[in-house]
Amino acid sequence: MTTERDYDKLLTVALDKAMPYDWSIGLHGSMFFQEIRENQRFVGIRCPQCKKVYVPPRRVCGPCYTEMDELVPLSDTGTLRAFSVVNYPFIDPNTGGQRPVPYTYGYIQMDGADNIFSHIINETDVSKIEVGMRLKAVFKPKEKMQGHITDIIHFDIIS
Amino acid sequence: MDNIAIVGVAQTKYAERKKDKTCADLVFDVTRAAMEDAGLALEDVDNVVTVSNDFIDGRTISSMAVGDAAGAHDKNISTVEGDGAFGALYGAMRTLGGFGTTLVVAHAKGSEGDVKFITNGMFEPIYQRLLGLESISSSALQARMYMDRYGLTEEDFARVSVKNHANGKNNPYAHLQLDVTVDDVMNSEKLADPLKKLDCSPVSDGAAAIIIANESHISKAKTKPVWVRGMAHCSDAYLLGDRDLAVPQSLAAASKKAYTMAGINDPMKSIDLVELYDAFSYMEPMWLEGMGFCEAGKGATLLDQGVTAMSGALPVNPSGGVLSSHAMLVAGLARIIESVLQLRGEAGQRQVENAKTALAHGINGACGQAHCVWILGNQKK
């Protein structure tokens, strides 16, 4: 395929091919998604030294530089710590297509966890969202789960 | 430790799209201009540090593509992937480690890729990246946490944008030359609540270069040396959820180390101007708190009291800051360059009177994960 080129102007060359990757989720991350599929709940991991619980679970507590191995089952509820209603168009990294706007990011402290998890909040009216609100995760039906962050559809505001 | 100084600086005018120049062309322009500024020839440059990012350039090992343009043919060349302030830090370390002079050059053409896609690429790929989090939306979350913690308002941030855009009008290198009011900022397009378009820096094309010399090599340069009196960097946790986004702890740690090195006890008293990395309006007051110019939550008060204005006790971002020009990676080096011009008394209409000591600052990673702090002076001690 050739495109009409205007040689009187400064030329450019376009590349629009994807660069594909196949990232390893790892042992701890795989357990996180297994727990969501089997029990529709989150799982965290506790540092043996500072006792902080991290979600999603990972091997090392950065500040203590200690390997963690105590998995801690959590629930599907948490508290909103920050949010942003996003209004600009964005290519969805999952699909390559345009994501519908607006959508809302939430900064969520899961019950029983010390760090913060981020996901989509099912509310785009700024006047109806406040820091401190209680949230509950909504999961895909089990048979549709893929071991993917979108197995969690979004979080509903429950109070 | 030996004394080292910045003896040459150059930068392009920042612009939305430089279609007439490739990345190598931009690097060639500023490398030659920095040598000309210093009055040094290529044989006087002992080694070269290039600063670039593969996602921005769309090229694997992007640093290898600009070596010729940076005058590095047959020279020792090494590379930094990160902000230019960190590239300069590495260049300073090389100058302390045996090289007489080091040229540091950074380039970025944000116009050539999709910046939202590129900044989405800095996030953890399994839990965060696929949600679409990128620079603006992650910063919106940080701004919200900061407001919620200290009871700040969107107007507090809008006033930063007004001040810095007014300063930018006096800077011939600035990308944006805007007359804006608080109302203009408040009414500009809502990008990611609470951030509006005029709270956000533009995406710019540009390049910048500096030459750092050991004291033993300074007499070769024709410029007034600007001495590196202190420098430090520190990094916080990678994952946003593992950090307290409202408190820049790594900046506080880096600032303390840099002040100690420079022999500064009271930064407010000792420092005459600050050039900091305000990629978003809310960052300026937050970084000023981290630097110890005021208590936590009081950064916006400094602006309200006029302290950070051009006529105040501590002018902040006389160049117009990153809000006026944001060539990624280059922006931290541009903060150093503006500080050098101020300390040489060559900052034209935006000159801070009697500037003797300046703080220049760069950040790396989402929401200021890492901070690099430079204390520069036109006197050695």
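Values quoted throughout were computed directly from the atomic coordinates according to the rules given, and no laboratory measurement underlies them. Please read these numbers as outputs of a predicted model, since none were measured by experiment. Positions of Cβ are generated from backbone atoms using ideal geometry, with glycine treated the same way; all protein chains shown enter the neighbour counts.
Can you name the number of the only condition in (1) under 20 Å from A:Met31 (Cα atoms); (2) of a type in the set (Val, Ile, Thr); (3) more than 7 Å from chain B (Cβ to nearest Cβ) that A:Ile149 fails?
(3)
A:Ile45 is checked against (1) over 17 Å from the mean Cα position of the chain (by Cα); (2) within 30 Å of A:Gly97 (Cα to Cα) and fails just one. What number does that condition carry?
Answer for A:Ile45: the failing condition is (2).
Among the residues of the stretch A:119-139, what is the count of those that are within 22 Å of A:Ile36 (Cβ to Cβ) and among the basic types (Lys, Arg)?
Selection size over the stretch A:119-139: 2.
Only one residue in A:Asp111, A:Asp92, A:Asp76 is more than 9 Å from chain B (Cβ to nearest Cβ) and within 19 Å of B:Leu131 (Cβ to Cβ). Which one?
Details: A:Asp111 fails: within 19 Å of B:Leu131 (Cβ to Cβ); A:Asp92 fails: more than 9 Å from chain B (Cβ to nearest Cβ).
Among A:Asp111, A:Asp92, A:Asp76, only A:Asp76 is more than 9 Å from chain B (Cβ to nearest Cβ) and within 19 Å of B:Leu131 (Cβ to Cβ).
Which of (1) under 26 Å from B:Ile337 (Cβ atoms); (2) out of contact with any strand residue (DSSP E or B) (no Cβ under 6 Å at 6 or more places or on another chain); (3) within 14 Å of another protein chain (Cβ to nearest Cβ) does B:Val162 not meet, given it meets every other one?
Result: B:Val162 fails condition (3) only.
Table: residues versus (1) assigned to a loop (DSSP other than H, G, I, E, B); (2) over 19 Å from B:Gln128 (Cα atoms); (3) of a type in the set (Val, Ile, Thr).
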position: A:Pro56; (1), (2), (3): yes, no, no
position: A:Val72; (1), (2), (3): no, yes, yes
position: A:Leu80; (1), (2), (3): no, no, no
position: A:Phe83; (1), (2), (3): no, no, no
position: A:Tyr88; (1), (2), (3): yes, no, no
position: A:Gly106; (1), (2), (3): no, no, no
position: A:Gln109; (1), (2), (3): no, no, no
position: A:Asn115; (1), (2), (3): yes, no, no
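Is one or more of the residues making up the stretch A:149-156 part of a loop (DSSP other than H, G, I, E, B) and either surrounded by fewer than 14 Cβ atoms within 10 Å (Cβ to Cβ) or at negative phi (or both)?
So in the stretch A:149-156, the residues part of a loop (DSSP other than H, G, I, E, B) come out as none.
No.
Hand me the list of helices (runs of 4 or more DSSP H) wholly inside the stretch B:261-366 holding 2 or more residues that are surrounded by 21 or more Cβ atoms within 10 Å (Cβ to Cβ) and in contact with a helix residue (DSSP H, G or I) (Cβ under 8 Å, 6 or more places away or on another chain).
Values: elements: B:267-270, B:283-290, B:299-304, B:321-324, B:330-344.
Passing ranges, in order: B:283-290, B:299-304, B:321-324, B:330-344.
Here are some residues: B:Ala41, B:Ala34. Which one is among the small types (Gly, Ala, Ser), out of contact with any Cys (no Cβ under 9 Å at 6 or more places or on another chain) and touching a residue at least 60 places away in the same chain (Cβ under 8 Å)? I'd like the intermediate steps shown before the answer.
Details: B:Ala41 fails: touching a residue at least 60 places away in the same chain (Cβ under 8 Å).
When all the criteria are applied, what remains is B:Ala34.
When you check B:Asn317 against the structure, is it touching a residue at least 60 places away in the same chain (Cβ under 8 Å) and out of contact with any Gly (no Cβ under 6 Å at 6 or more places or on another chain), yes or no?
Numbers: touching a residue at least 60 places away in the same chain (Cβ under 8 Å): yes; out of contact with any Gly (no Cβ under 6 Å at 6 or more places or on another chain): yes.
Here the answer is yes, as B:Asn317 does meet what is asked.
I need the full set of residues from the stretch B:98-152 which are crowded, with 21+ Cβ neighbours inside 10 Å, at the interface with chain A (Cβ under 9 Å from one of its Cβ atoms) and of a type in the set (Lys, Arg), in order please.
B:Arg144, the sole residue that qualifies.
Hey, can you tell me all the residues within the stretch A:8-49 that are away from every other protein chain (no Cβ under 14 Å) and in a loop (DSSP other than H, G, I, E, B)?
Scanning the stretch A:8-49 gives A:Gln40, A:Arg41, A:Pro48, A:Gln49.
Yes/no per residue for (1) more than 17 Å from the chain's Cα centre (by Cα); (2) closer than 25 Å to A:Leu27 by Cα:
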residue: A:Cys61; (1), (2): yes, yes
residue: A:Thr66; (1), (2): yes, yes
residue: A:Val72; (1), (2): yes, yes
residue: A:Ser84; (1), (2): no, no
residue: A:Met110; (1), (2): no, yes
residue: A:Lys128; (1), (2): yes, no
residue: A:Met133; (1), (2): yes, no
residue: A:Pro141; (1), (2): yes, yes
